[in-house]
Amino acid sequence: MSAKQVLNEIHVLANRSRAHDLQKFFQTAPGQYGEGDVFLGLTVPQVRTVAKKYKDLTLKQVEILICSEFHEARLCGLIILTLQFKSKKTRTEQKQIFDSYMQAVITGYVNNWDLVDVTAPIIGAYLIDTKDPYVLLHKLAKNQSLWQRRVAMVFTFAFIRSGDIEPTFEIAEKLLHDKHDLIHKAVGWALREAGKLNGIALRNFLSAHSHEMPRTMLRYSIEKFTERERKKWLIESRR
């Protein structure tokens, strides 16, 4: 198995019309958040099918995919990382996958919201048993890179899935005044999920911060509330 074989299969599945639509959807024009990204027009299920077929690629070959100019190749490589992470039984093996993922994040190859959201909740599970996960989470949350900040927030989904909501509130607070809409959505989404485990904790957070939360962030976080309660929070946040 090789990255070249994967790329060949991805190119066979390319769809020019869908690629054009994806370029618009993921905002790849100059000045937009996905500027310069190149799509081939595959669907996510198609990419997942290819990733499962090549899930036993060596890390070196996976890294070739992640460094590709083509969005779907990077997505495929990153999905393979998640599949391999799930299959590893030891911390040493998991750390190897985690380090490879973080290298991709730091070097800028995890560079759109779908790439973050498909991978960070899974790879982030490595942080649960680390001595102090906040060191990395805080470092990412204050980075100039939009995608590193989003990774910081979406990593906390791994903690939510384990029953720990504290990291979500911690990083949400750090990102309250972020200027980017994609961070507002990620924070609100994470708060909403944390609230499913502990509605009181979410409401306490909103009581302290709803007045300073961007509207998108607030709307996402209260999405599962009743219509009456949603209106209440939206009105109170303006006071």
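Bear in mind that the values in this text are calculations on the coordinates, not laboratory data. Quick caveat, the model's predicted, so the values are computed rather than measured. Glycine also receives a Cβ, built like all others from the backbone with ideal geometry; neighbour counts cover every protein chain displayed.
Compactness of the range 1-110 is given as radius of gyration and Dmax, 14.2, 44 Å, from Cα positions.
Placing unit charges on each Cβ (+1 for Lys and Arg, -1 for Asp and Glu) gives the chain a dipole about its Cα centre, and among Leu191, Asn112, Val62 the Cα reaching farthest toward its positive end belongs to Leu191. Set the Förster distance to 30 Å, then compute FRET efficiency between Lys88 and Ile235 from the Cβ-Cβ distance, nearest 0.05. It comes to 0.05. Under 20 Å of direct C-alpha separation, and excluding same-chain neighbours fewer than eight residues apart, Lys86 reaches these lysines: Lys52, Lys53, Lys55, Lys60, Lys95. Projecting label points 7 angstrom from Cα along Cα→Cβ for Gln144 and Ala14 puts them 3.4 nm apart. Placing +1 on the Cβ of every Lys and Arg and -1 on the Cβ of every Asp and Glu, with no other charges, gives the range 1-110 a dipole of roughly 500 debye about its Cα centre.
Cβ crowding within 10 Å, taken as a proxy for footprinting-reagent exposure, orders Cys67, Cys76 from fewest neighbours to most as Cys67, Cys76.
Of the peptides 147-159, 177-189, the order by per-residue mean of other Cβ atoms within 10 Å, starting with the highest, comes out as 147-159, 177-189.
Paramagnetic label reach from Ala208 (point 7 Å along Cα→Cβ; backbone nitrogen cut-off under 14 Å): within the range 136-168, residues 165-168.
The phi-based Karplus calculation (6.51 cos²θ - 1.76 cosθ + 1.60; θ = phi - 60°) puts the 3J(HN,Hα) values of the range 51-63 at 4, 5, 5, 10, 5, 9, 4, 5, 4, 4, 6, 4, 5 Hz, whole numbers, x for Gly and Pro. Extending 7 Å from the Cα toward the beta-carbon at both Arg215 and Asp56 defines two label points whose distance is 5.4 nm. For Gln94, the shell of other residues with beta-carbons less than 14 Å away shows a net charge of +2, using +1 for Lys and Arg and -1 for Asp and Glu. Residues whose amide H lies under 5 Å from that of Lys88, counting only those 5 or more places away or on a different chain, are absent; hydrogens are built 1.01 Å from N in the peptide plane. Against the main long axis of the alpha-carbon atoms of the chain, helix 113-123 sits at an angle near 90°. Distance from the alpha carbon centroid of the range 11-59 to that of the range 78-109 works out to 20 angstrom. Dipole check for the chain: with +1 at the C-beta of Lys and Arg, -1 at the C-beta of Asp and Glu, and the Cα centre as origin, the magnitude is about 460 Debye.
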